[in-house]
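The values are calculated or read from the model by the stated rules, or taken from the named source; none is laboratory data. Quantities reported herein were computed from a predicted structural model and do not represent experimental measurements. Cβ sites come from the backbone with ideal geometry, for glycine too, and all protein chains shown count toward neighbours.
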Amino acid sequence: MGTLIVLFWIAVALGVAIAAAWGFRALAAALTRGELHRALRDAPLTASFGMMVILIYLVIALLAPVIAPFPERMVVGSQFMPWSSVNWLGTDALGRDMFSRMVYGTRNTVGIAFATTLLAFLIGSVLGLLAATVGGLLDQGLSRLVDVLMAIPSLIFALLLLTIFGTSILTLILVIAVIDSTRVFRLARAVGEGVVVMDYIEAARLRGEGLVYLITREILPNVTAPLVAEFGLRFCFVFLSISALSFLGLGIQPPTADWGSMVRENATLITFGDVTPLLPAGAIALLTVAVNFVVDWQLYRASGLKE
Amino acid sequence: MSTQDVLLSIRDLKIEGKSGDDWLPIVNGVDLTLHRGEVLGLIGESGAGKSTIGLAAMGFARDGCRISGGTIDFDGIDLRRASREQLRRLHGKRIAYVAQSAAASFNPAHRLMEQYCEAPVRHGVMSRSEAERDAVDLYRKIRLPDPEGIGFRYPHQVSGGQLQRAMTAMAMSCRPDLIIFDEPTTALDVTTQIEVLAAIRDIVEQFGTAAIYITHDLAVVAQMADRIKILLRGDEIEEADTREMLAAPKHDYTRSLWAVRAFQRPEQPAPKGAPVVSLRNVSASYGKVPVLDNISFDIHPRRTVAVVGESGSGKSTAARVITGLLPPTRGEVLFEGDALPPDYRKRTREQLRNAQMIYQMADTALNPKLPIRRIIGRPAQMYLGLNGRALTERIRELLHLIELEPDEYIDRLPSELSGGQKQRIGIARALAAEPRFIICDEVTSALDQIVAEGILRLLDRLQGAFDLAYMFITHDLATVRAIADDVVVMQKGRVVEQGPKPEMFAPPHEPYTELLLSSVPEMDPDWLSRLLEERRHKDLPQGAEK
Amino acid sequence: MARVWRMIAQRLAFGVVTLFVVSIIIFGATELLPGDFAQAVLGQAATAESVAAIRRELNLDLPVYIRYFDWLGGVVQGDFGTSLAQRGRPVSDMILSRLGNTFFLAIYAAAMAVPLALTLGILVALWRNSLFDRIANSTALSAISFPEFFVAYILIFVLAQAGYFPSMARMPAGADLGEKLYRAFLPALTLTLVVTAHMMRMTRAAIINLLSSPYIEMARLKGMRPSRVIVHHALPNAIAPIANVVAINLAYLITGVVVVEVVFVYPGLGQLMVDSVSRRDIPVVQAIALIFAAAYVLLNLLADVISTLSNPRLLYRD
């Protein structure tokens, strides 16, 4: 019976998602013009669903204090209160309003993951493009360093570094960003290398152009598309890594509202058949799915018809 | 010939290709009739739909293509209605296919013999041991070296020309009624091409196999085909017996294909004064592999030096040494009498400005994300300090020079131009620097013949107008004939022979030059037979390979 | 063939060098710590004696390279030093029993995931752009996007609540294989689901890439049956890419083990590592990090060797 009910709700959720995605696509296409309009109109439902979800998260993150009925850290009742009209999703292990913490969690979890990805990208793509353009010893040195760093599984490496530097939000961002920048480096270097061998780069070199001009004017415009798609993938990866660390109690620390830690703090409820702790985990999953759907669509578009 | 002899009959064939969400026509209603034992040449430039038609003759359409109309009748079987299983039984057994790149079309994981035997054994034509004996026999007929042993090699252990012959043997393994040859020699050097052409023609004649021979090279098809059909953008232009077609082409388009070969620039006066660029005893290597061995030649103002050679001859490396991308291990490059620093990074702006380059692939030579204005404008801005209005004026002037309407093209991206237009932009970029010397690296080899001829004429005109010296790197002797004043023949990193064009094209030649010159197909259906006969007499090397 | 053995020896040597450098990083990372290591580990409230004791224990007065080679010498002999949190207990003791459990779980998951993922990946590649492909693709994409603990809790919620499987995967001493398989089923299933999605997508990409090669078209045009095209023409060339896909995903599995062990309270290395990180028990963390890294390096090495051996271009050359 339990399984049947779950299946029923999955079916309902799917139906709602498809309808919402369809509606969103129609709306988005109606509100835009030209190239963008064509792209949106022809987007698959998965992609429009993804875009819709990302937009909703963005709004929630920006308007968190307006939306949340209670402050992030305020104890509003006893622990583990059930869902009610006051505390929509009940209360957590310390008696804080679950719904409000979910809302603030959007801001904290997504914000931190975004900042980390941005930093990882800055480090990775600058070094990667530099290695590809300059070549020689710099390239050799950086590539070997990255090879070795990548020989350590990223979560394990993160755990090691967090042991040493302790767990604060800043160290978390720095550690994950540095580890993840190795992946960005690989991609940026590979894509950059593909561009650097082009005759137009040779022509620019023979013209006597400097390194900065080469990278910013000639190479960068040709690598942005793959790098943007990679940004989405890296964001998912970083977001999942940080959530995993928080879930393990080693990431974002209490009392900051964060989805990974919320799952951990309230996990006991699951064994009593209460789905509440699954909600923050689901919120993580939903955003990652959404981003992946959009990235997939972009990659497909970029690859044209090459299957 | 009676209708009984008809093997393949295609009526009103329509093929469409997918572009985005739409299907666009590739072939619009082509008819084709092929008799038993007959060879039909399909000729057309890129995008003419000739390969697509070749595959359709097998009832096959690549991913992203579909046969949307017409009938394909092969010996009484309707290939459009035939089931997959029926088609499968025909493929390899009664209709075989020889692909353009043998290196990519042989499975790298299996030996040649394994791949040869696959079709006869699987189609139940022969037993494995019979097939193996037959393979050795065919390998011998097709004059592959070591016919007993070559089958036990993997594809990567066999050279390109030999692989292409082995693929022809493989296509013949079931003694099919029809073989489709899809540009089988396009990827090969001229001296290797001869061998493959001879082998294909021999074996097709010997077994009386019908064939469709697809190519863009008229001279090649003249050797191979009984009849020629000419295609342009998915439409048939005309069809006739080979000799008739060569003697009296009817259609304007066909005539224009012939005329291309007629362009020849007038002879220039003998060089006066000092050379613009000189190579003095230059040797160079990639890592430890030597690629240039003691080469020297001069390039004079207002003259074009054609550097000719096959792949691996070192002709492009010579260009890299001159531009400073590859510092030589020995020797030096002089510009107007002064030695240039070997590394381009050490050269002055003035030295860089004076030597410009035009590339083979205009697609990769122009930054796809920059508008024409930036591409042409940058050298003028950098070297000549032009800005604002003056710069725009200069860009417009340059566009006029290369015969493109400035207002229409100045703000376009390279992707909004045709192949020939892109190459013109590459020329304009070189001109923008106001150089004394331009290296043209195979600038016409990626272009269709008519477009290529336009580019050659443009380069010729610009040379006169701006007193330019050209170094023209090419593998194509027809191009050399058309534009060169001096010729440098290279082979394996050495200069084999050099001198003014009239001397170079008149005997006596060095043996390699002779081989190279005689290997260029001519528009004469008897050329190949005559050549092979001559070579047999003179006992000249049968090809550059091995 | 001699060339191949030389290449393989080269790869092995490269693997050893990588491991060596990794060990330097893992050991050297502690040197990055600002200030005094013992002080940092024990916190501000520590007494002077306990700080001094730790300093003695870790030989902090000696130069770093001597301490490193001491440590490495021990590691090679299976001695990882002593735990800081459980004073005096050898790290190898703490690790040994859990190492077996973690490997059991990883192999269990791999045994389910690899055949499943490869089969699905190949099928989806063959039927690409079909409805089945689209559904499989979207499902896989979603599964990849789920954090491991989400998948784990869903399974607990659905399967453990109904009483089919235990949600706590404690391993009683002396349990037989059947018992172990039963108890470790949910953690293994979680890992399988997460890894299968990745592996399936990568297999699909590898196969599709292969199927667009001219030699596959040639095989079709020779009139070979679709099954023969796949088995005889595509698969021999697919070994290398597939070996890489499997290696990457098994390596990924190692990371996944950590979270899953925590969710299911499974007595493995991952859980020990997480506990040790929060106790800042650095010798234990170093030891486990090194083991995971070694497994990771070895897997990639193995894939490399298999690729080499499956490539006739490398095997036969004149």
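Summary of values
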read-out: Filter pass, B:Asp63 being without any contact (Cβ under 8 Å) to a residue 60 or more places away in the chain and surrounded by fewer than 13 Cβ atoms within 10 Å (Cβ to Cβ); value: no
read-out: Subset of segment B:414-434 [among the polar types (S, T, N, Q) and under 18 Å from B:Gly454 (Cβ atoms)]; value: B:Ser418, B:Gln421, B:Gln423
read-out: Which numbered condition C:Val229 misses (of (1) more than 9 Å from every other protein chain (Cβ to nearest Cβ); (2) in contact with a helix residue (DSSP H, G or I) (Cβ under 6 Å, 6 or more places away or on another chain); (3) more than 22 Å from B:Arg111 (Cα to Cα)); value: (3)
read-out: Number of the condition not met by B:Ser296 [criteria: (1) among the small types (Gly, Ala, Ser); (2) surrounded by fewer than 17 Cβ atoms within 10 Å (Cβ to Cβ); (3) farther than 27 Å from B:Val520 by Cβ]; value: (3)
read-out: Pair list, Cβ < 7 Å and 6+ apart or interchain, from segment C:19-31 residues that are without any contact (Cβ under 8 Å) to a residue 12 or more places away in the chain to residues that are assigned to a helix (DSSP H, G or I) and not β-branched (Val, Ile, Thr); value: C:Ala29/A:Leu160; C:Ala29/A:Leu161
read-out: Unmet criterion (only one of (1) surrounded by fewer than 18 Cβ atoms within 10 Å (Cβ to Cβ); (2) over 13 Å from B:Glu236 (Cα atoms)) for B:Gly54; value: (1)
read-out: Any hit, segment A:66-77, residues being in a helix (DSSP H, G or I), over 26 Å from the mean Cα position of the chain (by Cα) and without any contact (Cβ under 8 Å) to a residue 40 or more places away in the chain; value: no
read-out: Segment B:122-142 residues that are free of Cβ contacts under 8 Å to residues at least 12 places away in the same chain and not assigned by TED's automatic domain parsing to the domain that holds B:Lys93, paired with ones that are part of a helix (DSSP H, G or I) and of a type outside the set (Asp, Glu) (beta carbon under 9 Å, 6 or more apart); value: none
read-out: Residue satisfying all of: in segment A:152-178; more than 10 Å from chain C (Cβ to nearest Cβ) and touching a residue at least 60 places away in the same chain (Cβ under 8 Å); farthest from A:Leu245 (Cα to Cα) among these; value: A:Ala177
read-out: Count of residues meeting criterion [in contact with a Leu (Cβ under 9 Å, 6 or more places away or on another chain) and within 10 Å of chain A (Cβ to nearest Cβ)] in segment C:165-200; value: 1
read-out: Yes/no for C:Phe27 being within 13 Å of chain A (Cβ to nearest Cβ), modelled with pLDDT of 80 or more and touching a Phe, Trp or Tyr at 6+ places or on another chain (Cβ under 7 Å); value: yes
read-out: Given (1) in contact (Cβ under 8 Å) with a residue 24 or more places away in the chain; (2) more than 13 Å from chain A (Cβ to nearest Cβ); (3) in a helix (DSSP H, G or I), number of the condition C:Phe149 does not satisfy; value: (2)
read-out: Unique residue being within 14 Å of another protein chain (Cβ to nearest Cβ) and either part of a helix (DSSP H, G or I) or buried (at least 22 other Cβ atoms within 10 Å of the Cβ) (or both) when the list is A:Leu127, A:Leu149; value: A:Leu149
read-out: Cβ-Cβ under 6 Å pairs, at least 6 apart or on other chains, segment A:202-224 side facing another protein chain (nearest Cβ under 9 Å) and within 25 Å of B:Asn354 (Cα to Cα), far side surrounded by 15 or more Cβ atoms within 10 Å (Cβ to Cβ) and polar (S, T, N, Q); value: A:Leu206/B:Thr323; A:Glu218/B:Asn367
read-out: Helices (runs of 4 or more DSSP H) (entirely within segment B:447-545) containing at least 1 residues that are more than 22 Å from the chain's Cα centre (by Cα) and in contact (Cβ under 8 Å) with a residue 40 or more places away in the chain; value: B:449-466, B:501-504, B:527-538
read-out: Flag if A:Leu299 is in contact (Cβ under 8 Å) with a residue 60 or more places away in the chain, within 13 Å of chain C (Cβ to nearest Cβ), over 14 Å from the mean Cα position of the chain (by Cα) and farther than 28 Å from A:Leu94 by Cα; value: yes
read-out: Evaluation of B:Phe106 against (1) facing another protein chain (nearest Cβ under 9 Å); (2) without any contact (Cβ under 8 Å) to a residue 60 or more places away in the chain (one fails), failing number; value: (2)
read-out: Output for segment B:342-386, where each listed residue is more than 14 Å from B:Leu413 (Cβ to Cβ) and part of a loop (DSSP other than H, G, I, E, B); value: B:Pro342, B:Asp343, B:Arg347, B:Thr348, B:Tyr359, B:Gln360, B:Met361, B:Gly385, B:Leu386
read-out: Residue list for segment C:261-286, restricted to those being under 13 Å from the mean Cα position of the chain (by Cα) and over 11 Å from A:Leu159 (Cβ atoms); value: C:Leu269
read-out: Hits in segment C:200-227 - residues which are part of a helix (DSSP H, G or I) and at pLDDT 90 or above; value: C:Met200, C:Pro214, C:Tyr215, C:Ile216, C:Glu217, C:Met218, C:Ala219, C:Arg220, C:Leu221
read-out: Test set (1) under 24 Å from C:Ala85 (Cβ atoms); (2) within 14 Å of chain B (Cβ to nearest Cβ) - C:Asn209 fails condition number; value: (1)
read-out: Selection status of C:Ser278, in contact (Cβ under 8 Å) with a residue 12 or more places away in the chain and in contact with a helix residue (DSSP H, G or I) (Cβ under 9 Å, 6 or more places away or on another chain); value: no
read-out: Residue count, segment A:1-32 (criterion: part of a helix (DSSP H, G or I), β-branched (Val, Ile, Thr) and surrounded by 13 or more Cβ atoms within 10 Å (Cβ to Cβ)); value: 2
read-out: Search result, residues across segment C:249-302 that are more than 7 Å from chain A (Cβ to nearest Cβ), within 23 Å of C:Ile24 (Cβ to Cβ) and of a type in the set (Ser, Thr, Tyr); value: C:Ser276
read-out: Some residue of segment A:7-19 being closer than 21 Å to A:Trp297 by Cβ and touching a residue at least 12 places away in the same chain (Cβ under 8 Å); value: yes
read-out: Total residues in segment C:111-131, condition of a type in the set (Phe, Trp, Tyr) and under 21 Å from A:Val295 (Cα atoms); value: 0
read-out: Identity of the residue in segment C:303-314, facing another protein chain (nearest Cβ under 9 Å) and in a helix (DSSP H, G or I), that ends up surrounded by the fewest Cβ atoms within 10 Å (Cβ to Cβ); value: C:Arg313
read-out: In segment B:387-422, the residues that are outside any helix (DSSP H, G or I), of a type in the set (Val, Ile, Thr) and under 10 Å from B:Ile372 (Cα atoms); value: B:Ile410
